[in-house]
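Here is the structure we will look at, set down as structure tokens.
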Amino acid sequence: MTGKAGYDLVVVSNRLPVDFTVDDEGHVDWKRSPGGLVTALEPVMQKSDGAWVGWSGAPDLEVDPFDADDMRLVPVTLSATEIERYYEGFSNDTLWPLYHDVIAPPAFHRQWWDAYRRVNQRFADAAAAQAEQGATVWVHDYQLQLVPRMLREQRPDLRIGFFNHIPFPPLELFQQLPWRRQVIEGLLGADLLGFQRAGDASNFIRAVRRLTGYTTRGPIVTVPGAEDRPSRNVRAAAFPISIDSRTFDELARTPEVQARSREIRADLGDPEVMMLGVDRLDYTKGIRHRIKAYGEILQDGRIDVEHVTLVQVASPSRENVGAYQELREQVEGLVGRINGEYAEIGHAAIHYLHHSYPPEEMAALYLAADVMLVTSLRDGMNLVAKEYIAARSDDRGVLVLSEFTGAADELAGGALLVNPHDIDGMKDIIVAAANMDVREQRKRMRRLRRRVLADDVSKWSESFLGVLRAMPSRDTPRTHAPAPRADEAPVEGEGA
């Protein structure tokens, strides 16, 4: 495929679906990123003749648009200062904690907000330049919440969708944001807003009612028109994301992965029960609560290290953010204390791994684990839970799942749900999972696998795009002066 004037489908996300590397001589190379969003959208984009707009992942790296895997990739350049303020600052130290129930306190800085507006405008400009007349543009996630309105001001002919991969907070938390009205107006530039859970969509609708006064009816917001532009309806609804479950199922069935699974258990001393946690090292994942509960179970004598072990994979995450550095120290200190008190020669209480692993190793770990612990304090979805289920073609294993994950809405019928803030309750459920008989395991896992294998990531993307493309075309040319851009709207509050 060669570059062309416009594309029928444009995806806009913070990162491109490739990772860039620059060698000592300045040569730029790239390789495809392993990610659920890439897997979901690549076939759709290839079929639709699509372009993908995103940051390269490196500071000050200017790369011209290029073609890869039958997609047009359009890099957006960010300076080191913009990465610090837009990405590490406003996105991950303001929005991320605010949207995750203020587990950590959010910081509000006007310089961060200014960078967020500028960068969102750059993404919107790049998308507008790539989109064919009447094209579909799908914007992704909390880093780019101003892009829908910015795009609509430039290109009212477009169908614009937005999907929020993380939770959308209750009004009582969201309204702490000094720029709350600007964010709401930014999102309402879309025709369709997708959320992980129905509760997230409801939180958004409630925020619209309180902060804008626009008319709402169920999931529909009516945004008033201006001059010759008619009013329009915006739909907010749940579209729970999933994984490429068939591919993961097939991977876990390969002889190599199954042999590696047996090797992992042997290396652990062939415990009767292997428990597993797999998370990014993030304060939303409840890793400290989980390890605390496990340590107390050992202290209570309800399990012992000769027969049970916990493997905790904590992949590195946002290591330049202070809250994450502090979390790593706390988790590693807790693991060290529990191992110091309860480990025996040849039997560690907790095997802690601060690494990222390829899909083959993850599939082997899932197959090796008798109990999967997903105890997030707050999660948009949590795809690890679905990966574990997809890997268990043997219909064995028990999923312990936080009720504060999006996955709990879909998987409650087969998982053991926990409140991770209730340490005593979580201890009881972990012990019950460790002692569950095989017949009960199979009944639950079969129920879970039917759901995950049927509702895969392709169904998710097709469902969202199907609803978006069924919406009315907006190809009326604009003949009046544009309304104020999102980055020109008056600031509602004062940041620090």
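Overview of results
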| item | result |
| --- | --- |
| Surface share of carbon and sulfur [accessible, 1.4 angstrom probe, percent] for the chain | 47 percent |
| Convex hull of the stretch 129-268 built on C-alpha atoms - directionally averaged projected area, nm² | 13.1 nm² |
| Cα convex hull of the stretch 68-118, projected area averaged across orientations, nm² | 4.9 nm² |
| Förster-model FRET efficiency, 45 Å R0, residue 337 and residue 29, C-beta, rounded to 0.05 | 0.55 |
| Rough spin-label spacing in nm, given labels placed 7 Å along Cα→Cβ, for residue 46 and residue 409 | 3.1 nm |
| Long pairs among 47/285; 47/443; 285/386; 292/443; 386/427, criterion Cα-Cα beyond 27 Å | 47/285; 47/443; 292/443 |
| Sites residue 437 and residue 231, calculated FRET efficiency, Cβ-Cβ separation with R0 60 Å, nearest 0.05 | 0.50 |
| Segments 283-290, 79-86 sorted - mean Cβ within 10 Å per residue, highest first | 283-290, 79-86 |
| Segment residue 19-residue 315, length gained on full extension (0.36 nm per residue, minus Cα span) | 104.8 nm |
| Protection-proxy order for peptides 451-459, 352-360, each taking the mean of Cβ atoms within 10 Å per residue, highest first | 451-459, 352-360 |
| At 1.306 mPa s and 10 °C, Stokes diffusion of the chain via Kirkwood alpha-carbon radius, µm² per second | 66 µm²/s |
| Rounded Å value of the spacing that divides the Cα centres of the stretch 118-193 and the stretch 413-442 | 40 Å |
| Label-point gap, in nm, between residue 262 and residue 422 - each point 7 angstrom along Cα→Cβ | 4.1 nm |
| Peptide ranges 338-344, 272-278, 108-114 listed from the most packed, as the mean C-beta count within 10 angstrom indicates | 272-278, 108-114, 338-344 |
| Summed side-chain charge close to residue 271 - residues other than residue 271 whose Cβ falls under 9 Å, Lys, Arg +1, Asp, Glu -1 | -3 |
| Whole-Å semi-axes of the ellipsoid equivalent to the stretch 385-433 (Cα gyration tensor, √5λ, descending) | 19, 13, 7 |
| Cβ-defined net charge surrounding residue 73, 13 Å radius [Lys, Arg +1; Asp, Glu -1] | -2 |
| Pairwise label distance in nanometres, residue 111 with residue 210, each label 7 Å out on the Cα-Cβ vector | 3.1 nm |
| Accessible area of the stretch 113-187 divided out per residue, in Å², using a probe of 1.4 angstrom | 22 Å² |
| Förster radius 51 Å - calculated FRET efficiency between residue 247 and residue 347 (Cβ-Cβ, nearest 0.05) | 0.90 |
| 1.4 Å probe accessible area per residue over the stretch 1-100, in Å² | 42 Å² |
| Taking the convex hull of Cα positions in the stretch 168-211, its mean projected area over all directions (nm²) | 2.9 nm² |
| Volume per residue of the C-alpha convex hull in the stretch 348-388, rounded to whole Å³ | 108 Å³ |
| Estimated 222 nm signal from helices in the chain, with DSSP H stretches of n ≥ 4 weighted -39500 (n - 2.57), rounded to 500 | -12000 deg cm²/dmol |
| Per residue accessible area of the stretch 192-282, 1.4 Å probe, in Å² | 47 Å² |
| Relative compactness, the stretch 267-374, computed as alpha-carbon Rg over 2.2 N^0.38 Å | 1.04 |
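The values are calculated or read from the model by the stated rules, or taken from the named source; none is laboratory data. Every value quoted in this text rests on a predicted model; they were computed, and no experiment measured them. Cβ sites come from the backbone with ideal geometry, for glycine too, and all protein chains shown count toward neighbours. Heads up: the accessible areas ignore ligands, DNA and RNA and are worked out on the full protein's heavy atoms, side chains in. Shrake-Rupley method; radii C 1.70, N 1.55, O 1.52, S 1.80 Å.
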